[in-house]
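Just so it is clear, none of the values below were taken in a lab; they were calculated from the coordinates. Just so it is clear, the structure is predicted and the values come from calculations on it, not from any experiment. Glycine also receives a Cβ, built like all others from the backbone with ideal geometry; neighbour counts cover every protein chain displayed.
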Amino acid sequence: MNPDIISIISIVNLRKSVGLTIEEFDDELRELGNSAIKKLILSGIHSSRIKGNDDYIKQTIVAYIRANYRYTEPNIANENKIIFEENKNFMSSTTEYTTEQVSQEEEE
C-alpha cells in the first residue's frame, strides 16, 4: 500500500511549500503529493522508504508539487522539475531507497 502524502508532510507545510495560507487548494496539493509518491514508487523506490522522517524524500515530493502547481513563472516549475528528476533518478539507483526497509534502527 502506498503511503499518503499527509502521513509524510502536513497539509500546513504543503500549503507553505507553494506560498499558500488558505485551504482552498488543499485537494489539489494532496493530489500532487500523492502523484509524486506514485511516481517515486513506479521509478523503483520502495514504498517503505517513503517516510516523513527522510528530508530527501520530503524535498523531492515538494519539488514535484512546486513543479506541477499553477505558477505563472515558468522558471519556478522548470527548476523544480529538474530537482525532482535528479533526486528521483539518484534514489532509484541506490539500494538505500530501492530495497524494503526492515530494521527499526534504519527508521531512526
Phi-based couplings in Hz for the range 7-18 (Karplus 6.51, -1.76, 1.60; Gly and Pro marked x):
6, 10, 9, 5, 4, 4, 5, 5, 4, 4, 5, 10
If you take all C-alpha pairs in the chain, what percent of them are over 25 Å apart?
18
Which residue, 68, 87, 53, tops the fluctuation ranking in a GNM of the chain built on C-alpha contacts under 10 Å?
53
GNM on the chain, C-alpha springs below 10 Å: top fluctuator among 44, 19, 33?
19
Suppose a student asked you for the relative contact order of the chain, using Cα pairs under 8 Å spaced at least 6 residues apart; what percent would you report?
29
Could you pull out the trypsin sites (Lys or Arg not before Pro) across the range 1-51 that fall in loop regions by DSSP (anything but H, G, I, E, B) with no more than 15 other Cβ atoms inside 10 Å?
51
Could you give the longest part of the chain that holds none of the chymotrypsin sites (Phe, Trp or Tyr not before Pro) found in DSSP loops with at most 16 neighbouring Cβ atoms within 10 Å?
26-70
